[in-house]
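Working notes, structure below.
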Amino acid sequence: MKSKKLTVPPNSFGDQNKWADYIEILCLTSEDKIVTADDIYDKIYGDKSDDESDDYLDDEWSDEIDLDNEPNMSHSEKEDRNKTKINDVFEFLISRVSLFNDLYPFKLSRSPSYLEIDNKLSFKQYSYLGLLISSNLDYFAKYRPKLTTSFEKNSVFVFKKLFPENANIEYFGKGSDRDNRFNANKLSDRLKQLSAVLKIPLSPDFDENEINNSNTGDGGLDLVGWFDIMDDNSGKIINFGQCACGKEWSDKQFDIHPAKWNNFLHLNQPIIRTLITPSSFRKYSGEWFKKMKIYDCIVIDRLRFLKSLRKKENSKVANSNFTIVEEIIGWNLDYFN
């Protein structure tokens with residue numbers, strides 16, 4: 001898939017997290033590592049009358065932003081409205097400075113409004129940038145496989161924090177880094193291994209003939225954790241984990257829903273479900289952005305992810321995407337001239 005051009009913004013001001021990400025990405029990739037509210041307004045909403053008016057729009061994405069969605073407004077009214085919306089996003093960024101504190105890799109000014117990258121980034125801040133990029137894959141399609149794989153592996157550090165020290169935490173997803181307990185290549189065989197390890201029988205509806213022999217995927221299950229209650233009988237405490245990059249992560253909660261997994265396993269006990277996303281899902285206050293988007297699931301978003309990491313884990317997470325982050329910082333794109 002072709003990357004979305006960085007000069008094409010999110011299609012709605014309704015999600016300030018996406019717009020805050022967008023401004024951070026523009027700052028990260030810009031030539032001077034600084035972006036102002038006026039820069040963004042001029043590039044997105046400025047005069048489009050000359051021959052180069054829409055050169056920055058990618059045909060695949062050009063319908064995502066409607067510059068004239070209120071035709072009865074005068075030019076000056078639209079200008080005021082759009083400048084206000086962009087300034088509102090800069091106001092929202094104040095909450096990120098407060099919530100993330102020393103994890104935040106940018107410096108923010110409100111008078112005048114601009115965002116600037118820190119000139120000496122820590123491991124914690126590199127970890128933040130890795131998550132920022134991973135949650136905006138539309139802009140970084142070139143790196144999608146590497147980013148999604150490393151996010152799944154790094155999520156193990158966070159997933160472990162939900163368990164006591166004697167718990168078993170395993171990667172169940174695609175690739176060669178799985179434990180011997182889940183070393184089967186075919187999904188159907190790995191589901192049998194999962195059934196045996198968790199002491200949960202296969203579903204009466206389970207039919208491996210319905211699972212393609214070439215299917216080496218994970219069935220939507222990236223991580224699995226469990227611990228025994230004094231013995232190795234059934235009735236363990238079990239947690240299914242799903243790692244979801246990109247902007248539509250909320251829908252991924254259904255990948256680990258019992259309604260789906262009852263087709264594979266006879267779930268005769270409750271299963272805890274956890275979704276881990278690199279996205280920031282917060283209101284200005286730090287509360288969940290939209291509580292009704294969470295469906296009977298523990299959500300670990302960008303803030304929870306970063307705050308859970310110890311020093312050694314932070315260095316591993318930072319290093320896993322260090323080359324990509326540095327390469328993207330080195331783009332030095334001349335957006336605003």
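Just so you know, all these numbers are worked out from the coordinates, no wet-lab data involved. Worth saying up front: this structure is predicted, and the values here are computed from it rather than measured. Neighbour counts are summed over all protein chains in view; Cβ atoms, including those assigned to glycine, are modelled from backbone coordinates with ideal geometry.
For this structure, a couple of remarks:
- When the chain is treated as a GNM with alpha-carbon contacts under 10 Å, the residue of Y128, Y139, Y41 showing the greatest mean-square fluctuation is Y41.
- Cα-based convex hull, region 144-309, per residue volume (Å³, whole number): 125
- Gain in span if fully extended, I44 to N82, counting 0.36 nm per residue against the direct Cα distance: 12.7 nm
- Residue pairs exceeding 27 angstrom between C-alpha atoms, taken from K124/K236; K120/K290; K153/K236; K5/K160: K124/K236; K120/K290; K5/K160.
- Expected 222 nm ellipticity per residue - DSSP helices of 4 or more, -39500 (n - 2.57), all of the chain, to 500: -11000 deg cm²/dmol
- Fully extending the segment from N332 to K291, taken as 0.36 nm per residue of separation minus the present Cα-Cα distance, adds 11.0 nm.
- Using alpha-carbon coordinates, inclination of helix 75-100 to the longest axis of the chain, degrees: 40
- Shape of region 290-335, Cα gyration tensor, a/c cut at 1.5: oblate
- For the pair region 98-146 / region 215-272, the C-alpha centres are spaced 31 Å from each other.
- Distance between region 3-26 and region 290-325 - C-alpha centres, whole angstrom: 20
- Charge dipole of the chain (Cα centre as origin; +1 on each Lys and Arg Cβ, -1 on each Asp and Glu Cβ, all else neutral): 2000 debye, rounded to the nearest 20.
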